[in-house]
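One structure is given here, and the rest of the page talks about it.
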Ligand SMILES: [Zn+2]
């Protein structure tokens with residue numbers, strides 16, 4: 001396994017939060033930054049899982065949307081190969097979120113988790129997401145944080161492929177680029 005399951009959840013959640021809250025392009029579709037009720041729904045969907053349904057107030061949604069913007073900057077830096085900039089941004093995030101490690105007992109034993117100064121949804125997740133990025137960058141896997149290469153798409157992804165060669169956010173974008181390359185060759 002590339003990342004342990006807790007780190008994987010943090011990284012996947014960070015990518016989902018970026019894609020749900022930051023404006024840009026999803027495939028060829030322009031997307032705006034959601035606001036109000038739509039933002040609350042987008043954030044709740046990004047951080048909830050099968051076994052965890054988050055409660056997201058308007059203030060929590062706005063706070064985590066800001067974190068989404070900060071996390072996107074880290075992806076943009078790693079995707080550009082600028083790990084120094086990415087590390088600086090993550091250190092700032094760790095500082096700001098007050099992320100602290102804590103051993104938590106789960107059904108499989110003791111796991112290293114990361115908490116914020118308190119366990120509110122906004123501060124708990126902000127700290128956890130910052131710590132997940134720090135673990136990825138600190139384990140020489142910063143290059144696994146990617147931005148879709150299928151112009152104009154700018155959705156982000158965590159590359160968990162064996163060879164680390166993933167370039168697209170989705171098979172939809174991959175197929176679009178493949179089809180365009182094929183048409184180009186035909187001409
Ligand atoms: Zn894409």
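Using the Cβ-Cβ distance between residue 118 and residue 85 with R0 = 30 Å, the FRET efficiency computed as 1/(1 + (r/R0)^6) comes to roughly 0.50.
A protection proxy built from the mean count of other Cβ atoms within 10 Å ranks the segments 119-125, 176-182, most packed first, as 119-125, 176-182.
The label-point distance for residue 171 and residue 45, in a model that sets each label 7 Å from Cα toward Cβ, rounds to 2.1 nm. Here the sum of -39500 (n - 2.57) over DSSP H runs of 4 or more residues, divided by the residues of the chain, equals -18000 deg cm²/dmol at 222 nm, to the nearest 500.
Here the simple spin-label model places points 7 Å from the Cα toward Cβ, and for residue 183 and residue 4 these points are separated by 4.8 nm.
Rounded to a whole number, what is D in µm²/s for the chain from Stokes-Einstein with the Kirkwood radius over alpha-carbon pairs (25 °C, 0.890 mPa s)? My calculation gives 143 µm²/s for D. Once both labels are positioned 7 Å from their Cα atoms along Cα-to-Cβ, the gap between residue 35 and residue 92 label points is 2.5 nm.
On full extension, the segment bounded by residue 162 and residue 108 gains 16.9 nm, given 0.36 nm per residue less the C-alpha separation. Taking the Cα atoms of region 7-104, the ratio Rg/Rh between the radius of gyration and the Kirkwood radius comes to 0.98.
Per residue, the convex hull around the alpha carbon atoms of region 128-187 comes to 91 Å³.
A straight line joining the Cα centroids of region 87-163 and region 17-55 runs 18 Å.
No value in this document is a laboratory result; all are computed from the given coordinates. What you are looking at is a predicted structure, and each value in this text was computed from that prediction instead of being measured. All Cβ positions, glycine included, derive from the backbone under ideal geometry; neighbour counts span all protein chains shown.
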